[in-house]
1. Considering only the range 35-46, I want to know if a residue exists there that is surrounded by 14 or more Cβ atoms within 10 Å (Cβ to Cβ) and in contact with a Pro (Cβ under 6 Å, 6 or more places away or on another chain).
2. Restricting attention to the range 52-89, which residues are more than 13 Å from the chain's Cα centre (by Cα), in a loop (DSSP other than H, G, I, E, B) and of a type outside the set (A, V, I, L, M, F, W, C)?
3. Just need a number here: residues in the range 56-67 that are surrounded by fewer than 10 Cβ atoms within 10 Å (Cβ to Cβ) and modelled with pLDDT under 80.
4. Within the set of pairs 6+ apart or on separate chains, which have a first residue in the range 28-56 that is within 22 Å of Pro18 (Cβ to Cβ), a second that is surrounded by 11 or more Cβ atoms within 10 Å (Cβ to Cβ) and polar (S, T, N, Q), and C-beta atoms under 8 Å apart?
5. For Lys12, only one of the following conditions fails: (1) surrounded by 11 or more Cβ atoms within 10 Å (Cβ to Cβ); (2) in a helix (DSSP H, G or I); (3) not small (Gly, Ala, Ser). What is its number?
Amino acid sequence: MKYLCLVYGEEKKLESVPDRECLGWGQELRTGGHYIAAEALQPVRTGRIVRVRDGKTVITDGPFTEAKEHVAGFYLIDASDLDEAIRLASQIPPARIGSIEVRPIRELVP
């Protein structure tokens with residue numbers, strides 16, 4: 001089953017986690033057959049919010065809400081169940097200073 005592991009943290013604190021650690025964890029996921037995809041996100045100030053209301057597109061600067069922690073990146077993994085997904089998520093390097101949200105992927109039904 002697929003799970004999305006959303007990495008949350010304070011931008012300044014996340015700078016203390018070296019990219020090489022995250023890349024290394026991605027490689028371990030590949031080796032273990034759990035890796036589907038992973039990416040880090042640019043700082044929250046670079047994002048934009050897009051809404052369509054009454055046929056009009058409205059664009060505003062991000063973030064959507066005031067928060068101490070923001071989404072910093074993600075790992076899309078394959079795990080046998082939620083327990084395994086949580087075990088894998090607990091090893092994501094930024095979990096030491098932020099948090100990881102683990103969510104099962106819902107397949108869309110045509």
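The values are calculated or read from the model by the stated rules, or taken from the named source; none is laboratory data. Predicted, not measured: the structure shown is a model, and the values here were computed from it. Every residue, glycine as well, gets a Cβ built from its backbone with ideal geometry; the counts of neighbours run over all protein chains shown.
1. The answer is yes; a qualifying residue exists.
2. If the condition is that a residue be more than 13 Å from the chain's Cα centre (by Cα), in a loop (DSSP other than H, G, I, E, B) and of a type outside the set (A, V, I, L, M, F, W, C), then Asp54, Gly55, Gly62, Pro63, Thr65, Glu66, Lys68, Ser80, Asp81 are the ones that fit.
3. Residues that pass the stated criteria total 2.
4. Glu28/Gln91
5. Every listed condition holds for Lys12 apart from (1).
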